[in-house]
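This report refers to the structure that appears directly beneath it.
Nothing in this text is a laboratory measurement; each read-out follows from the coordinates by a stated rule. For clarity, every value in this text was computed on a predicted model and none was experimentally measured. Virtual Cβ from ideal backbone geometry, glycine too; neighbours counted across all protein chains shown.
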Amino acid sequence: MLQVLEIKNFAIINQVAIDFSEGMTVLTGETGAGKSIIIDAIGQLMGGRGSTDFIRYGEDKYQLRGTFFMPDINEEGRAFLEDNDIPFDDQQLLIQRELNQTGKNVIKVNGVSLTVSLLKLLGQFIVDIHGQNEHQSLMQASRHIHLLDAFAQETAPQVYTDYKVSYEAYRDSKEAREKASLNDQETAQRMDLLAYQINEIDQSQIQIGEESQLNEERQQMRNYEKLVQALNASNQILTDQEVNVLDLLANVINELASISSIDDQYENAYDQANSAYYSLQDLASSLRASQDSLYYDPQRLDDIEARLQLYSQLKRKYGPDDKAILAFRNQAQVELEKLENLDSYQTDLEAKYQEAKEKVLAQGQKLHQVREKVAQQLNQAINHELAALYMEKAEFKVAIQMGDTIHANGLDQVEFLIKSNVGEPFKALAKTASGGELSRLMLAMKTVLQSQQNVTAIIFDEVDTGVSGRVAQAIANKMAEIAFHAQVLCISHLPQVAAMADHHLHIQKREDKERTVTEVKELTSKQRVGEIAQMTAGTQLTQHSLEAASELLDYSEEFKAKRR
């Protein structure tokens, strides 16, 4: 649930902090006061598309902070947090977003930076926002299969998993089959290229480790004179000069030998000198052998340079090192052999494709049967909710038509149909449903599909437009029922909805130093009576409107008490 929302320099809002609670919260106020701006701010924290138009006039950036308490986040949401190294020990998420005039976003979740696209993925586990445009999306038939599957997957998750696996196998086999279906000219050209590449690598006779050895040998030859000079000087100092290190150390040994018999405390020094002498003697022998092994052969150096140049050419074509070049050669050989035996290879691919197609069609048939069964359950559930919303003469139906086109969602085409009155034929939603009917249908679907939403808060932004009277009361009742299981935030102009809320926030704007400022205030019980009365009767409050508001509040409390 959303606990705290902090907004700074966003649209006409200068700075505001709003505390939210469990249950149902309604936001009311005059048109233009900033109610929808608050929903827009929440949408930005859920990864909505940012715009510099949201930045308050005269400011450099907007800043948003939302604190969410999410003990019931689902496994997929927890996996997202783990995959992105977002700490979640206290079951809270602090989401921060800034946007400056250059369009640069700064987004952090519990201190971890995220992109807008990742924030949008996270948002689907937190808040579900429904505005008036949700009615339009409900009329898009392409979305209907996803809504049906949201209801069905909990019933038969394995069927969906099996279809996904079989579809991926079918897709892969189809791609392999199409890739192998080259024409004769393309096949011949490909075979010529592969044969040339294999021959070029074979003729080079490269060996693993050869390039490294050649580089070492070249380095040695290029520094031949420097190496010889250094080794020769070292040998001169150690052994060859008239006064050299080994002779001087031998004198030290003789002197220590002469006194070690007098005082045994010098025996250790004598032993150390002896050890140093033999170590230096070994060093001198090693340096002399190294010097003797050095050679400089201009022809050999030219050969090495040519060989290394060949390696460079091969690496540009076939891979970053000798192992990659040889691996490329082996892969080319495999492909060439397949093309040389193309007929049998294509026959094998065709058999695999047909087998994968049969499996995916069989799984698609099973998925179709699941959808047919679940569609009846969805029809019954939504029609029950529609009756509660005073659309008892209307009838909702899921139409499913199975075709032979295989796609990621199965073999079915799904469309929601409705008839508003008895005796009329079923028609597409876009052709029959009015705005008020769509509002109720969307609310009915939200009630039925709530358990599959996997969110902790649901926001309704003026979805009750176009209704009044008993229908308005039915919508209020339905929102309250949803709020028993998830936090509900709603913007409404209906007194019935406002009265049903557990918490009432009033949004108003005023002028301060020639600037418009939006303020948010939680209403007391007494203030709620006045606000709801004003929503009922307009600006002129009467005793009758105040009594009607009190009756609405009393009814709402009784309704919620009975349903809890």
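Indicate, rounded to the nearest 5 percent, the antiparallel portion of the DSSP beta bridges found entirely in the chain. Please list the in-between numbers first.
Details: 48 of 65 bridges.
So the antiparallel bridges in the chain amount to around 75 percent.
Relative contact order for the chain: what is it in percent, counting Cα pairs under 8 Å that are at least 6 residues apart?
22 percent
To the nearest 20 Debye, how big is the dipole of the chain about its Cα centre, given +1 on the beta carbon of each Lys and Arg and -1 on that of each Asp and Glu?
3540 debye
Please give the contour-minus-distance gain from Tyr278 to Glu350: 0.36 nm per residue of separation, less the Cα-Cα distance, rounded to one decimal in nm.
Contour length minus Cα-Cα distance gives 18.2 nm.
Counting each DSSP H run of 4 or more residues in the chain as -39500 (n - 2.57), what helix-only mean residue ellipticity at 222 nm follows after dividing by all residues, to the nearest 500 deg cm²/dmol?
Result for the chain, helices only: -18500 deg cm²/dmol.
Once you have the Cα-Cα distance between Tyr224 and Ala306, take 0.36 nm times their residue separation minus that, and quote the gain in nm to one decimal. Write out the running numbers ahead of the final one.
Numbers: separation 82, 0.36 × 82 = 29.52 nm, distance 1.94 nm.
Difference between extended and current length: 27.6 nm.
Of (i) 31.9; (ii) 34.5; (iii) 44.0, which one was derived for Kirkwood radius over Cα pairs in Å from the structure shown?
Given (i) 31.9; (ii) 34.5; (iii) 44.0, the structure-derived one carries the label (i).
Could I have the simple spin-label model distance between Leu94 and Gln333, label points 7 Å from Cα toward Cβ, reported in nm to one decimal?
Taking the two extended label points, one gets 6.1 nm.
Considering Cα pairs under 8 angstrom that are at least six residues apart, work out the relative contact order of segment 1-89 and quote it in whole percent.
39 percent.
Relative contact order of segment 33-165: what whole-number percent is it, with Cα pairs under 8 angstrom and at least 6 residues apart?
In percent, rounded to a whole number, it is 25.
For segment 154-200, what class follows from the C-alpha gyration tensor (a ≥ b ≥ c being the square roots of its eigenvalues): rounded when a/c is under 1.5, otherwise prolate if a/b is larger than b/c, else oblate? Please list the in-between numbers first.
Working: a/c = 10.31, a/b = 3.47, b/c = 2.97.
It comes out prolate by the Cα gyration axes.
Determine the sum of side-chain charges near Thr516: Lys and Arg each +1, Asp and Glu each -1, restricted to other residues whose C-beta is under 14 angstrom from that of Thr516.
Net local charge, Thr516 excluded: -1.
At 0.36 nm per residue, minus the direct Cα-Cα distance, what do Glu175 and Lys521 gain on full extension? Give it in nm, one decimal, please.
Difference between extended and current length: 118.5 nm.
Between Leu246 and Leu193, how many nm apart are label points set 7 Å from Cα along the C-beta direction?
With each label placed 7 Å out from Cα toward Cβ, I get 6.5 nm.
Take the alpha carbon gyration tensor of segment 379-482, find the square roots of its eigenvalues, order them as a ≥ b ≥ c, and report rounded if a/c is under 1.5; if not, report prolate when a/b exceeds b/c, else oblate.
oblate
Once you put a point 7 Å from the Cα of Gln376 and another 7 Å from the Cα of Ser290, both along the Cβ direction, what distance in nm separates them?
Placing both labels 7 Å beyond Cα along the Cβ direction yields 8.9 nm.
Starting from segment 391-490, pick out the trypsin sites (Lys or Arg not before Pro) whose DSSP state is loop and whose Cβ has at most 15 other Cβ atoms within 10 Å.
In loop regions of segment 391-490 (DSSP not H, G, I, E or B), the sparsely surrounded trypsin sites (Lys or Arg not before Pro) are Lys393.
For segment 484-548, rounded, prolate or oblate, judged on the Cα gyration tensor with a ≥ b ≥ c (square roots of eigenvalues), a/c < 1.5 rounded, else prolate if a/b > b/c?
Cα axes put segment 484-548 in the oblate bin.
Can you give me the long-range amide H partners of His130? Hydrogens built in the peptide plane at 1.01 Å from N, cutoff under 5 Å, separation of 5 or more residues or another chain.
For His130, whose amide H was placed from the backbone, the distant partners under 5 Å are Ile459, Phe460, Asp461.
Go through segment 403-408 residue by residue and turn each phi into a ³J(HN,Hα) via Karplus (6.51, -1.76, 1.60, θ = phi - 60°); whole Hz please, and just put x for glycine and proline.
In residue order, the calculated couplings are x, 10, 8, 8, 9, 4 Hz.
Within segment 41-177, how many Lys pairs that are eight or more residues apart, or on different chains, come under 23 Å at the alpha-carbon?
Lysine pairs, 8 or more places apart or on different chains, close enough: 6.
State which helices in the chain qualify, where a helix is a whole DSSP H run, it must extend 20 Å or more along its own axis by its Cα atoms, and its mean Kyte-Doolittle hydropathy must be at least 0.0.
Values: long enough: 157-180 (35 Å, -1.54); 184-204 (30 Å, -0.96); 245-260 (22 Å, 1.29); 267-293 (39 Å, -0.90); 298-318 (30 Å, -1.23); 322-340 (27 Å, -0.45); 342-388 (66 Å, -0.89); 435-449 (21 Å, 0.72); 469-483 (21 Å, 0.32); 543-563 (30 Å, -0.98).
What comes out of the filter, once short or polar helices are dropped, is 245-260, 435-449, 469-483.
Sorting check: for 170-178, 482-490, 250-258, which peptide has the highest mean count of neighbouring beta carbons within 10 Å, and how do the rest follow?
Result, highest mean first: 482-490, 170-178, 250-258.
Name the residues of segment 350-365 whose amide N is less than 18 Å from a point 7 angstrom out from the Cα of Met402 along the C-beta direction?
356-365
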